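Q: Following this message is one structure expressed as C-alpha cells.
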Amino acid sequence: MIIKELKSDFKNSLIGLYPSEEIQSFFNILSEKYLGLSRIEIALNPENIVSEEDSEDFQKALIRLKNHEPIQYIIGEAQFYGLPFKVNKHTLIPRPETEELVEWILSKQKLITHNSKPITILDIGTGSGCIAISLAKNLPGSKISALDISEEALKVAQQNAELNKVEVEFFQADILKTKRLPKQYDVIVSNPPYVRELEKKQMQQNVLKHEPDSALFVKDDDPLLFYHTISHLAKTNLKANGKLFFEINEYLADELPQLLKNEGFQNIEVKKDIFGKNRMIKCSLNEPT
Ligand code: GLN
C-alpha cells in the first residue's frame, strides 16, 4: 500500500464520526508516530510505500478511534506546557486550561524566588504529573511533591518526571482520608475532580467512555468536597506567605470564594481561562498579593 491509499482509506473509515479537519489531524499525528513522517513529508511523498506492519498500526488505531478513544491514549502521549507527557487510561489527558493555571502560578511564584530557601510546592491529585512537572521544569531549585490516590497514575507521573528530567517526590494518598500533610509549603495546588454527575449529558463520548471517572466526577450533592478538604488541610500546611491555587468548575465559581473565606483565606481571586470561563482561583492566608 502507498501513503495516498492509506490516507484515503483512513479518511473514509472515520467520515461521519469526526469532522474532517479532526480526521486529518489524527492522520498527521499517527503518521508522525508510526511512520516518523511530518505533515509536509506526507504531503510531498504520496507514493511512498507503507509497510504491512505500519499499516496494521493504522488499522488498530482506527478501531480505537471508532470507539471514540482519545488520540492521546492511542499514541500514549500528550503535550502540556510545551513538554511531552505519557498518558494512559489511568490519567486524565492534560487540558489547555490547566496550562493557564501553571502559567498563573509561575507568574506569582517568580516574585518570591529570590529568598534563599527553595520553594516548596505540593500538587494534590497529580494524575500524569503535568502540573508538578511543568512547575519543576520552570522553577529550578524548587522542591516539588505530588500525591495521587491512584498507584497506576503515579507510575505514569514518575515516568514523566524522568522523561522531562526533573525531580518530583511522588506519594500515594487519598486526600479525603488525609489528616495532615507532610510538610509546610509555599504553594499548594490542585486540579481535583469537579464535574458534577448532572453535567455528564453535556460531555463528549471520548471523555465519558475513556478518561478516569475518579479524576473527573463528584457527587451532585457535594461538588465542593475536595475544595473543602484541601483548603482545610492547606490552612495548617501553608507557610506564612503561602498561596493556594485550584482549577475550578465554571459553574461553581460563585460559591468557592465564600468557602475559602470561611476557612480563613484572604486575597481571593478568581481568574477566567482563554474561553472566558471562570476556571481558577487563588488565595492566601495573610499576605496581600
Ligand atoms: N476540565 C476537565 C473536563 O472538563 C475536568 C477536570 C477536572 O475534573 N478536574 O473534562
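Q: Accessible area per residue for the chain in Å², computed with a 1.4 Å probe and the full protein assembly in place, what is it?
A: 50
Q: Averaging over all projection directions, find the projected area of the Cα convex hull of the stretch 1-158 and quote it in nm² with one decimal place.
A: Quarter of the Cα hull surface area: 11.2 nm².
Q: Using alpha carbon coordinates only, what is the Rg to Rh ratio of the chain, with Rh defined as the Kirkwood radius?
A: 1.03
Q: For the stretch 56-112, what are Rg and Dmax over the alpha carbons, in angstrom?
A: Final numbers for Rg and Dmax: 15.4, 53 Å.
Q: For residue 174, tell me the accessible area in Å² from a 1.4 Å probe, rounded to the nearest 10.
A: 40
Q: Sticking with this structure for a sec: Please list 194, 185 in order of solvent-accessible area, largest first, computed with a 1.4 Å probe with all protein chains present.
A: Sorted by accessible area, descending: 194, 185.
Q: What would the Debye equation give as log₁₀ I(q)/I(0) for the stretch 204-254 at q = 0.15, 0.17 Å⁻¹, counting only Cα atoms as equal point scatterers?
A: Values, matching the q order: -0.57, -0.70.
Q: Per residue, what volume in Å³ does the convex hull of the Cα atoms of the stretch 1-76 enclose?
A: Output value, Cα hull per residue: 78 Å³.
Q: Provide the descending list of Cα extents for the stretch 114-182 along its principal axes, expressed in whole angstroms.
A: Projected onto its principal axes, the Cα set of the stretch 114-182 covers 35, 29, 13 Å.
Q: Considering only Cα-Cα distances, which of the following residue pairs are longer than 19 Å: 89/155; 33/86; 11/60; 11/209?
A: Cα-Cα > 19 Å for 11/209; rest within.
Q: Ordering 170, 27 from largest to smallest accessible area (1.4 angstrom probe), what's the sequence?
A: Highest to lowest solvent-accessible surface, that is 170, 27.
Q: Accessible surface of residue 261 in the full protein assembly, 1.4 angstrom probe, to the nearest 10 Å²?
A: Probe radius 1.4 Å; accessible area of residue 261 about 120 Å².
Q: Another one. Lysines near residue 277 by alpha-carbon distance under 24 Å, same-chain residues fewer than 8 away left out - which ones?
A: Cross-link targets: 108, 200, 201, 219, 243, 261.
Q: Given a 1.4 angstrom probe, I'd like the percentage of the accessible area of the chain that is carbon and sulfur, rounded to a whole number.
A: The value for the chain is 50 percent carbon and sulfur by accessible area.
Q: Please report the accessible area of residue 39 (heavy atoms, 1.4 Å probe, ligands and nucleic acids excluded) in Å², nearest 10.
A: Its heavy atoms expose roughly 150 Å² to the probe.
Q: Using just the helices of the chain, give the 222 nm mean residue ellipticity in deg cm²/dmol: DSSP H runs with n ≥ 4 each add -39,500 (n - 2.57), and the total is spread over all residues, rounded to 500.
A: Mean residue ellipticity at 222 nm (helix-derived): -11500 deg cm²/dmol.
Q: Relative to the longest principal axis of the C-alpha atoms of the chain, give the angle of the C-alpha long axis of helix 52-66, reported between 0 and 90° and rounded to the nearest 10°.
A: Long axis of 52-66 versus the principal axis of the chain: about 50 degrees.
Q: While we're looking at this one, here's another question. Return one number: the angle in degrees, 0 to 90 and rounded to the nearest 10, between the long axis of the Cα atoms of helix 225-237 and the longest principal axis of the Cα atoms of the chain.
A: Around 50 degrees separate the two axes.
Q: Taking the Cα atoms of the stretch 216-289, what is the range of coordinates along each of the three principal axes, in descending order and whole Å?
A: 32, 27, 18
Q: Right, here's the next one. Along the Cα→Cβ direction, 7 angstrom out, place labels at residue 53 and residue 274. What is the inter-label distance in nm?
A: 3.8
Q: To the nearest 10 degrees, how steeply does helix 151-163 sit against the main Cα axis of the chain, on a 0 to 90 scale?
A: Its long axis makes an angle of about 80 degrees.
Q: Between Rg and the Kirkwood Rh of the stretch 125-274, both from Cα atoms, what is the Rg to Rh ratio?
A: A ratio of 0.95.
Q: Please grab the % of Cα pairs in the stretch 145-222 that end up more than 20 Å from each other.
A: The calculated P(r) of the stretch 145-222 puts 47 percent of pairs beyond 20 Å.
Q: Sort 1, 203 by accessible area with a 1.4 Å probe, largest first.
A: The residues order as 1, 203, largest area first.
The values are calculated or read from the model by the stated rules, or taken from the named source; none is laboratory data. Please read all numbers here as calculations on a predicted model, not as lab measurements. With ideal geometry, Cβ positions are generated from the backbone for all residues, glycine too; neighbour counts draw on all protein chains shown. Ligands, DNA and RNA are excluded from the accessible area calculation, which covers all protein heavy atoms including side chains. Shrake-Rupley method; radii C 1.70, N 1.55, O 1.52, S 1.80 Å.
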